[in-house]
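Student: One structure, pasted below without further comment.
The values are calculated or read from the model by the stated rules, or taken from the named source; none is laboratory data. Model, not experiment: these values are computed from the prediction. Cβ atoms come from the backbone with ideal geometry, glycine included; neighbour counts cover every protein chain shown. All accessible areas refer to the heavy atoms of the entire protein, side chains included, with ligands and DNA or RNA removed. Shrake-Rupley method; radii C 1.70, N 1.55, O 1.52, S 1.80 Å.
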Amino acid sequence: MLEAIELIKRFPVRDSSAEVHALNGVSLTVARGETLGIVGESGCGKSTLAEVLVRLQQPTSGRVILDGVDLTALRGAELRRQRRKIQLVFQDPYSSLQPRQTIGRTLTEVLRVHRIGATAAARAGRMRELLDQVGLAPGHADRYPHELSGGQRQRVGIARALAVEPSVLLLDEPVSALDVSVRAEVMNLLARLRDELDLGFLFISHDVAMVRQLSDRVAVMYLGRIVEQGPWRPVLDAPIHPYTSGLRGAVPIPDPAIEQPITATVIGEVPNPVDPPAGCTFHPRCPLAEERCAEEEPSLTELAADHAAACHVMARRLIN
Ligand code: SF4
């Protein structure tokens, strides 16, 4: 349903000819009823990816296909019409809610702007349906954002995204700002809505545990590239790429002569995306790096069933 093809995004750096390399050839697909989890540290390009997919940012090159329509080729009214099908849910819905507008008014305004519901009564009816869908009571329609808890506000954020009847939700750290006790409720709500409405989800998070809970497939991003991709269980429980292993805490050293794998933790910061390292961009932090890694960029290659990774050392080990 959603397909990104070789997305590249560069941002100019002010007063300089340098560029931020935010996305470096990201390709992915999301099917109806499926969740693709995107995991990586901050600065890896996850949020730029979300903005490019909803066309808040125009990619430098590459295409975004939604329900068979190339969003990157559209402009003006047609782009606005098609963009409705893909909605972004933010980490902090509070900042995007009007403080002086009741929740009911916020939702009916979205319906009115998008010409959903012919009359005010029809829009009010749909607004109550939306509240019910996200587990809020009819009385919440008369409340203001500051009168709601964090979890209730995120439910409003989800209702607002659903109001325009999208096919895909881009969930950018949707539960990271919530209390731990509320996170599970919102995650369960999201899973129920995905299944009931047959939505495609792109679930973006730095939290591997959250990604594990909701995802069918997972893509791991590092410095604007997908370095590992596949079904969630092998990617998160038996990762191939040293960076994914590092996100989980330790990197197995692939030496057949060593029976008990030695582990090493990924250290250091994500390098500056204005001047990314040559070769494998992970090599300055990688405990497995060898000479070739600083010179040659590894390509994302299927190394196990439906499970791809971009790593010279692991490819040599698994293919031989
Ligand atoms: Fe590490 Fe080399 Fe693999 Fe990159 S290609 S992840 S530096 S071993």
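Student: Considering only the stretch 108-129, state which residues are assigned to a loop (DSSP other than H, G, I, E, B) and among the polar types (S, T, N, Q).
Tutor: T119 - this is the single residue of the stretch 108-129 that is assigned to a loop (DSSP other than H, G, I, E, B) and among the polar types (S, T, N, Q).
Student: So, G279, is that one in contact with a Cys (Cβ under 7 Å, 6 or more places away or on another chain), open to solvent by less than 90 Å² (accessible area, probe 1.4 Å), among the small types (G, A, S) and not in a helix (DSSP H, G or I) or not?
Tutor: When the stated conditions are applied, G279 passes them.
Student: Suppose we filter Y222, Y144 for residues that are hydroxyl-bearing (S, T, Y) and buried (at least 24 other Cβ atoms within 10 Å of the Cβ); which single one remains?
Tutor: Result: Y222 is the single residue among Y222, Y144 that is hydroxyl-bearing (S, T, Y) and buried (at least 24 other Cβ atoms within 10 Å of the Cβ).
Student: Look at P93 and say whether it is touching a helix residue (DSSP H, G or I) at 6+ places or on another chain (Cβ under 7 Å) and closer than 19 Å to L169 by Cβ.
Tutor: Taking the combined requirement at face value, the residue satisfies it.
Student: Among the numbered criteria (1) modelled with pLDDT under 90; (2) more than 10 Å from the ligand (Cβ to nearest atom); (3) under 19 Å from L247 (Cα atoms); (4) open to solvent by 50 Å² or more (accessible area, probe 1.4 Å), which one does P287 miss?
Tutor: Failed condition: (2).
Student: Let me ask something else about it. Out of the residues in the stretch 290-320 meeting the condition of being part of a loop (DSSP other than H, G, I, E, B) and buried (at least 18 other Cβ atoms within 10 Å of the Cβ), tell me which one is farthest from the ligand (Cβ to nearest atom).
Tutor: Filtering the stretch 290-320 for residues that are part of a loop (DSSP other than H, G, I, E, B) and buried (at least 18 other Cβ atoms within 10 Å of the Cβ), the one farthest from the ligand (Cβ to nearest atom) comes out as L300.
Student: Answer yes or no: is there a residue in the stretch 261-284 that is farther than 25 Å from S42 by Cβ and at pLDDT below 80.
Tutor: Checked the stretch 261-284: at least one residue is farther than 25 Å from S42 by Cβ and at pLDDT below 80.
Student: Let me ask something else. Out of D198, D172, D179, which single residue is acidic (D, E) and out of contact with any Lys or Arg (no Cβ under 8 Å at 6 or more places or on another chain)?
Tutor: Exactly one of D198, D172, D179 is acidic (D, E) and out of contact with any Lys or Arg (no Cβ under 8 Å at 6 or more places or on another chain), namely D179.
Student: Given the residues A137, A177, which is the only one that is open to solvent by 40 Å² or more (accessible area, probe 1.4 Å), under 19 Å from the mean Cα position of the chain (by Cα), more than 23 Å from V30 (Cα to Cα) and hydrophobic (A, V, I, L, M, F, W, C)?
Tutor: Going through A137, A177 in turn, just one is open to solvent by 40 Å² or more (accessible area, probe 1.4 Å), under 19 Å from the mean Cα position of the chain (by Cα), more than 23 Å from V30 (Cα to Cα) and hydrophobic (A, V, I, L, M, F, W, C): A177.
Student: Within the stretch 22-74, which residues are of a type in the set (K, R), at pLDDT 90 or above and in contact with a Gly (Cβ under 9 Å, 6 or more places away or on another chain)?
Tutor: R32
Student: Using beta carbons and a limit of 9 Å, which pairs, at least six apart or on different chains, have the first residue in the stretch 267-291 and within 14 Å of Y222 (Cβ to Cβ) and the second one among the acidic types (D, E) and near the ligand (Cβ under 10 Å from one of its atoms)?
Tutor: Qualifying pairs under 9 Å: G279/E296; G279/E297; C280/E296; C280/E297; T281/E297; H283/E290.
Student: For the stretch 48-60, which positions are more than 18 Å from Q229 (Cα to Cα) and touching an Asp or Glu at 6+ places or on another chain (Cβ under 7 Å)?
Tutor: Result: Q57, single match.
Student: What tally of residues in the stretch 11-35 results from selecting those that are open to solvent by less than 60 Å² (accessible area, probe 1.4 Å) and touching an Asp or Glu at 6+ places or on another chain (Cβ under 6 Å)?
Tutor: Here the count works out to 5.
Student: More than 22 Å from R194 (Cα to Cα) and not aromatic (F, W, Y): is that true of L71 in this structure?
Tutor: It is true that L71 is more than 22 Å from R194 (Cα to Cα) and not aromatic (F, W, Y).
Student: How many residues are open to solvent by less than 30 Å² (accessible area, probe 1.4 Å) and part of a helix (DSSP H, G or I) if we restrict to the stretch 56-107?
Tutor: 9
Student: Looking only at the stretch 225-242, filter to residues that are crowded, with 23+ Cβ neighbours inside 10 Å and touching a helix residue (DSSP H, G or I) at 6+ places or on another chain (Cβ under 8 Å); which one of those is nearest to E34 (Cα to Cα)?
Tutor: So the residue we want is Q229.
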